[in-house]
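Asker: One structure coming up, written as structure tokens, with questions to follow.
The values are calculated or read from the model by the stated rules, or taken from the named source; none is laboratory data. Source: prediction; values computed, not measured. Neighbour counts are summed over all protein chains in view; Cβ atoms, including those assigned to glycine, are modelled from backbone coordinates with ideal geometry.
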Amino acid sequence: MTDPAPPLVRFEGVCKRFGETVAVDGVSLDIAKGEFFALLGPSGCGKTSLMRMLAGFEAPDTGRILLDGIDIAGLPPHLRPVHMMFQSYALFPHLNVARNIAFGLRRQRMPQAAIASRVEEMLALVRLEGLGGRRPDQLSGGQKQRVALARAIAPKPSILLLDEPMAALDRKLREETQLELMALQRRLGMTFMIVTHDQDEAMVVADRMAVMRAGRIEQVGAPREIYDHPANAYVAGFIGETNLLSEGDRWRAVRPEAMTLSTRPQEGARAGTIAEIAYFGDRTRYVVAAQNARLVVSRANVGAPLALSVGDAVWVSHAADAGALVSP
């Protein structure tokens, strides 16, 4: 059996404090070469601090950060083969698109002819051909994002860091951009690490992701693994919607789509009344007030619809093996 390839990035027991606040608390994490990795968690969980330490904008108080097996703690940001795309895009307003993309290449002292060729390559890659002469204020929000992405990719970094890159986009454009990012990452074979608080975004784009809380990692795994087998009640509740049903000293986390809704009494089912109904086109979401619990049921809109209204009596159940047993 061959040994697994060493990780591109390794965090070893990394801690970071800001005054009395512990931002990152003993995080150890590996990111593989060529992987699209997501750091996911609520505001203040430490995900951005972890990314900024990798980029060199913050230094760990304790622990090590290795890139290709080399401790990069002493390297300033501009000497690290790491590039970061900021949420604000941070384009230079006085430079046109081509000069924005070329900025990092000039810092590398690349020959002018090679810079011009690389800029044209990047414009084609992000589908902005012919727009090299425009200024940032002449671009749409989606175009600005593509310029920022091209500028970050142009110097061929070992890893591209994406800090909430789609937060400013509307829903349709955000979903289109997610698919474009995935296709671009696969085409380049580059390692991407994205920081986001958007669970759906992380589930869509990431090969693997880490769920963080209060400076620590709660679970690392593929999106489907974390969704189907959450490590604890916090992860189950943070990744999508779930119903936490008490089973002794543990909880059973059952996703809304695994719950069954009936208008007739069912053996073992919980009786309740419809509290909310929300129509989403492909599915309908029901919230049921049942035995001092709030249960969520998601039903695909196929076949005959259920003729239900708020206040109607219903029974909610699930298969005995549905969901996953989790610790509190």
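Asker: Somewhere in the stretch 41-55, is a residue farther than 27 Å from Arg224 by Cβ and among the hydrophobic types (A, V, I, L, M, F, W, C)?
Answerer: yes
Asker: List every residue pair whose Cβ atoms lie under 6 Å apart, where the two residues are 6 or more positions apart in sequence or sit on different chains, the first residue falls within the stretch 247-259 and is under 14 Å from Ala324 (Cβ atoms) and at pLDDT 90 or above, and the second residue, located anywhere, is of a type in the set (Lys, Arg) and not in a strand (DSSP E or B).
Answerer: none
Asker: Please find, among Arg52, Arg17, Arg64, the residue that is outside any strand (DSSP E or B), of a type in the set (Lys, Arg) and either in the same structural domain as Ala148 (by TED's automatic domain parsing) or within 30 Å of Glu129 (Cα to Cα) (or both). Spell out the reasoning first.
Answerer: Values: Arg17 fails: outside any strand (DSSP E or B); Arg64 fails: outside any strand (DSSP E or B).
Result of the check over Arg52, Arg17, Arg64: Arg52.
Asker: Pairs under 6 Å by beta carbon, first residue farther than 24 Å from Ser158 by Cβ in the stretch 172-200, partner surrounded by 14 or more Cβ atoms within 10 Å (Cβ to Cβ), six or more apart or different chains?
Answerer: Leu173/Gly142; Arg174/Met166; Gln199/Ile239
Asker: Hand me the list of strands (runs of 3 or more DSSP E) wholly inside the stretch 289-328 holding 2 or more residues that are within 27 Å of the chain's Cα centre (by Cα).
Answerer: Values: elements: 293-300, 313-318, 324-326.
Output list reads 293-300, 324-326.
Asker: Mind checking which residues of the stretch 165-189 are modelled with pLDDT under 85 and either in contact with a helix residue (DSSP H, G or I) (Cβ under 6 Å, 6 or more places away or on another chain) or closer than 21 Å to Ala90 by Cα (or both)? Break it down into steps so the answer makes sense when it comes.
Answerer: First, pick out the residues of the stretch 165-189 that are modelled with pLDDT under 85: 165-177.
Pro165, Met166, Ala167, Ala168, Leu169, Asp170, Leu173, Arg174, Thr177 - these are the residues of the stretch 165-189 that are modelled with pLDDT under 85 and either in contact with a helix residue (DSSP H, G or I) (Cβ under 6 Å, 6 or more places away or on another chain) or closer than 21 Å to Ala90 by Cα (or both).
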